[in-house]
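Here is the structure we will look at, set down as structure tokens.
The values are calculated or read from the model by the stated rules, or taken from the named source; none is laboratory data. Being a predicted model, the structure only gives us computed values, none of them experimental. Because the Cβ atoms are built from the backbone with ideal geometry, glycine has one as well, and the counts that use them run over all protein chains shown.
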Amino acid sequence: MTGLSLPDKALERAVQSLPDDSLSETRHAALARFLERGFPTTRLEDWKYTDLKEVAEISRRWLEGGATSADTSALDSEVQRICSSIDADWIVVANGVISPGVISSSGTSHPGKGITVSTYSESSLAPAFDVPLADFNAALLTDGLHIRFNADAANDRPLGLLIIDGTDGLPGVAQTRIRIEFDDGAKAQLIEYQVSRGDADHYANAVVELSIGNQAVVDYVRVQNRAENHIQTHRTEARLGTRSVLRYSGFDLGGQLIRNDLDVAIDAPEAEVSIAGLYVAGDGQHIDNHVRIDHQTGPARSTQEYRGILGGRCRCVWNGKAIVQPGADGTDAEQANHNLLLSDRSEIDAKPELEIYADDVKCSHGTTVGQIDDNALFYLRTRGLDKKDAIRALTRAFGASIVSRLAISELAESLTAMVEARLAELTESDSQ
Amino acid sequence: MLEISELSASTGNTEILDGLSLTVNAGEVHAIMGPNGSGKSTLAQVIAGHDDYAVTGGSVTYKGSDLLQLEPEERAREGIFLGFQYPVEIPGVNNAYLLKAAVNAKRKHHGLDEVDAFEFLKLAREKMTLLGMDQKFLNRGVNEGFSGGEKKRNEVLQMAMLEPDLAILDETDSGLDIDALKAVAKGVNALRDPERAIVLVTHYQRLLDYVQPDFVHVLSGGKILRSGDKSLALELEEKGYDWVKEAANA
């Protein structure tokens, strides 16, 4: 054992208490691997700035409390509220348990034409694992969600994945696993919305796999707005086919400790990946985004731009890595990370990385860390705006380039309101 | 309206204003001229409340109250407008948003209802037509990618919308072609009113051909060396600033 460990016996009991089904074998294999390695520690370069001690602590308390899958009925009203406010076909995963059927504002109970929704056990699919958090996820997974978009999928409305977690009383731990396959030529819009309710501490761990076929076009927006005592580790692995397009945006507005890994492999030519992210952190928050784009073949183009707005005592981490493998000529990889610090107690650890093993490539990266521009602030104040309102306008403007490129119009209004509310909280507390 | 008495101000360790006195009454248009580095822009910035400048002596009274006690936004809502020599580009902050927020901040301060979107647009379009500005500027970021002339017109547009009691225009004429200069002058002249005072800070006499000042002051070394009527501006154009300095030293 090199990492952060959990009590072996209690963990084994928790895995054994899950139903004996087609996932059992994988659960035990993943458990054996996890028991060997544990959670990663800050001694590892990839985890240098994010300490999972709190994850181990909540998990230990959850195991001591009987490792129960929490009752989800308390989440129902919140589920209804969200599903009716954003126009999408929603699939709900509450505390790691997949709810049957689809909810939408128009009341339909089936996904759109050409979209198949099933579970891992129904599809005889085994969860893949190789990194410790995926081990932990596969060991404790009740069941996974398996979605397939056919080439003729009629995605009139975006497909929503509502990942909602929370309990009252005992701390909770939940595993979510989603695999989405996009057939050749499929066009799809997806929203993954991560929220939480309830007053207990909670740890949500998710693994999402995107398998994107040739010439498929995927718009994917992940919005995280968790409670201040909730922890999330989230891993997305995407694989892109020839001439496919992935437009991915991630918004992190809440949570106590958030770690998102986005791993994209381009192993077919002429794929195009554009990633945009916005993180807004205030007092007590830790938000870490790790993005890794592996150009295995060329020509292909990847861009990523993350922006961070930090206020109060908080810490954010951004690590963008582009790897250009031998022979991946014609690769064009851009990465940018810009941060606005509203407080001198905010910390950003920004780390762009390029690993290039091919000759004919175009790669660039840029990182900035700054504060509110005094000249712009003075200018707005001479027009009569309160200092607080002026700071808010400038802060909003800083994030606007990420918010405005949102490809899913059904989400735009809600997301803008969420970002606005979060910025209001941040600028309110920091201007005092 | 504005009573500046023995005003001294510095930035860092550099004294820029050195006992400057000036009185501006309602209905008057004043031109402040002077060589580069004489303190013209500093005077404008101090009146607007920029905290880069420390007031080290003297007083500024506006409508009978101590102006220096007020925050920049309070000065604006009380009717002071500064047209910037270098208007700041603020990408992502919409020009219409700023205009509306500015108008409403002032209205709220004076106990008036906020203007609604319809009223606001009507007013903004009216003023833009007067200034020969394209309506598309409303939906662009504040001064973002504007040419020099567009920026200055945008300053005058803001002034026209806010209808200030005291407008200070800092080199609003610099870098303008003749059409832009005429448009700016038109905006300024439209604001001339017995209840209102305008201070034009300028390096050249050119603007004064289109906006006739009641008083012309020459600022040099942080104080006013000479005051006169508009003929002083013409005399300066002819003889240069050194003439005033020499006369003052004699």
- Message: When you check A:T116 against the structure, is it assigned to a loop (DSSP other than H, G, I, E, B) and either of a type outside the set (A, V, I, L, M, F, W, C) or over 24 Å from A:Q16 (Cα atoms) (or both), yes or no?
- Response: no
- Mind checking whether some residue in the range A:65-77 is charged (D, E, K, R) and either at pLDDT 90 or above or crowded, with 19+ Cβ neighbours inside 10 Å (or both)? no
- Considering only residues of the range B:53-77 that are touching a residue at least 40 places away in the same chain (Cβ under 8 Å) and part of a loop (DSSP other than H, G, I, E, B), which is nearest to the other protein chains (Cβ to nearest Cβ)? B:Y53
- Query: When only residues in the range B:78-100 that are farther than 28 Å from B:L2 by Cβ and surrounded by fewer than 21 Cβ atoms within 10 Å (Cβ to Cβ) count, which is farthest from the other protein chains (Cβ to nearest Cβ)?
  - Reply: B:A96
- A:R61 fails exactly one of the following numbered conditions: (1) assigned to a helix (DSSP H, G or I); (2) closer than 25 Å to A:L162 by Cα; (3) in contact (Cβ under 8 Å) with a residue 60 or more places away in the chain; (4) not β-branched (V, I, T). What is the number of that condition? (2)
- Message: Of the residues B:K108, B:K151, B:K136, only one is within 14 Å of another protein chain (Cβ to nearest Cβ), in a helix (DSSP H, G or I) and more than 19 Å from the chain's Cα centre (by Cα); which?
- Response: B:K108
- Can you name the helices (runs of 4 or more DSSP H) wholly within the range A:326-432 that have at least 2 residues being more than 30 Å from A:A227 (Cα to Cα) and within 14 Å of chain B (Cβ to nearest Cβ)? A:374-381
- Query: What number goes with the only condition from (1) under 16 Å from the mean Cα position of the chain (by Cα); (2) within 26 Å of A:A134 (Cβ to Cβ) that A:A333 does not pass?
  - Reply: (1)
- Query: Applying the selection to the range B:193-227, what residues are without any contact (Cβ under 8 Å) to a residue 24 or more places away in the chain and touching a helix residue (DSSP H, G or I) at 6+ places or on another chain (Cβ under 8 Å)?
  - Reply: B:L225, B:R226
- Item | Qualifying residues in the range A:336-354 (those that are modelled with pLDDT of 95 or more and polar (S, T, N, Q)) - the one farthest from the chain's Cα centre (by Cα) | A:S346
- Per the filter on the range B:25-52, residues crowded, with 20+ Cβ neighbours inside 10 Å, more than 14 Å from chain A (Cβ to nearest Cβ) and more than 20 Å from B:G221 (Cβ to Cβ) are B:V29
- When the residues of the range A:279-294 are filtered to those that are among the hydrophobic types (A, V, I, L, M, F, W, C) and in contact (Cβ under 8 Å) with a residue 60 or more places away in the chain, which remaining residue is nearest to A:H365 (Cα to Cα)? A:V280
- From (1) free of Cβ contacts under 8 Å to residues at least 12 places away in the same chain; (2) part of a loop (DSSP other than H, G, I, E, B); (3) hydroxyl-bearing (S, T, Y), pick out the condition that doesn't hold for A:S77. (2)
- Task: Find all pairs meeting these conditions: Cβ atoms under 8 angstrom apart; at least six residues apart or on different chains; first residue within the range A:304-331 and in contact (Cβ under 8 Å) with a residue 24 or more places away in the chain and on the phi > 0 side of the Ramachandran plot; second residue among the charged types (D, E, K, R) and outside any strand (DSSP E or B).
- Result: A:G312/A:D283; A:G312/A:R345; A:G312/A:D430; A:G330/A:D360
- Query: Would you pick out the residues in the range A:385-416 that are within 13 Å of A:E428 (Cα to Cα) and touching a residue at least 12 places away in the same chain (Cβ under 8 Å)?
  - Reply: A:K387, A:K388, A:A390, A:I391, A:R392, A:A393, A:T395
- Query: What residue, of A:D135, A:D51, A:D87, is assigned to a loop (DSSP other than H, G, I, E, B) and within 24 Å of A:G255 (Cβ to Cβ)?
  - Reply: A:D51
- Exactly one of (1) over 30 Å from A:E420 (Cα atoms); (2) in contact with a Leu (Cβ under 9 Å, 6 or more places away or on another chain) is unmet by B:A76. Its number? (1)
- Message: For A:H365, only one of the following conditions fails: (1) within 23 Å of the chain's Cα centre (by Cα); (2) within 25 Å of A:D283 (Cα to Cα). What is its number?
- Response: (2)
- Note on the structure: Of those in the range B:101-154 that are farther than 18 Å from B:N189 by Cα and of a type in the set (D, E), the residue surrounded by the most Cβ atoms within 10 Å (Cβ to Cβ) is B:E150
- Could you please find all residues in the range B:22-46 being over 16 Å from B:T202 (Cα atoms), of a type in the set (A, V, I, L, M, F, W, C) and either assigned to a helix (DSSP H, G or I) or free of Cβ contacts under 8 Å to residues at least 24 places away in the same chain (or both)? B:V46
